[in-house]
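First comes the structure, then the notes that go with it.
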Amino acid sequence: MPCQSDYLAQSGQELESVRVCRLLVYLYVKINKDIPEWIKTAANYYYGNIGRLDEATKMLCECCRSLTTDEVEKYIYNARDETARQLASWWEKHQEWDKRRVAEEDAERKRVILKERALNKLTVEEIRVLGL
């Protein structure tokens with residue numbers, strides 16, 4: 001009988017959880033910041049910790065944003081360090097996703113305001129007829 005693995009393949013969120021937690025460990029070590037135990041555990045666990053993925057992502061984003069220009073060059077854009085290159089790749093994608101998310105939120109906010117203004121122009125009878 002051939003050998004087989006009983007592990008389920010990691011989902012995208014599980015992979016991202018492990019990636020983000022490993023990057024947090026890397027960066028926290030570099031800046032001498034205490035690493036929460038759950039991050040260490042998730043960084044070393046095959047499936048990560050998807051229940052706290054948003055929290056870990058927020059922590060990594062805030063940490064990257066708080067770095068000085070010199071620290072960014074030293075810890076994120078250090079081409080000689082493989083983990084730094086992984087962090088740089090993650091950071092650039094994350095900034096793009098943030099930019100896109102903010103644009104979508106702004107567009108939705110404008111749409112809601114425009115709809116509210118339009119509804120305010122209608123009479124009660126017009127709103128009833130339209131089924132709103």
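None of the figures in this text is laboratory data; all of them are computed from the coordinates on show. Just so we're clear, the structure is a prediction, and the values are computed from it rather than from any experiment. A quick note on method: Cβ atoms are made from the backbone with ideal geometry, for glycine too, and the neighbour counts reach across all protein chains shown.
Structure summary
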{"read-out": "FRET E, pair E62, K121, Förster distance 35 Å, beta-carbon r, rounded to 0.05", "value": "0.25"}
{"read-out": "Stretchable slack from V72 to Y46, in nm (0.36 nm times residue separation minus alpha-carbon distance)", "value": "6.5 nm"}
{"read-out": "Full-extension gain in nm, K99 to L130, via 0.36 nm per residue minus C-alpha separation", "value": "7.5 nm"}
{"read-out": "Projected-area mean, the chain, by convex hull of Cα positions, square nanometres", "value": "14.9"}
{"read-out": "Cα lying deepest toward the dipole's positive end in segment 1-100, options W90, N44, G12, charges on Cβ", "value": "W90"}
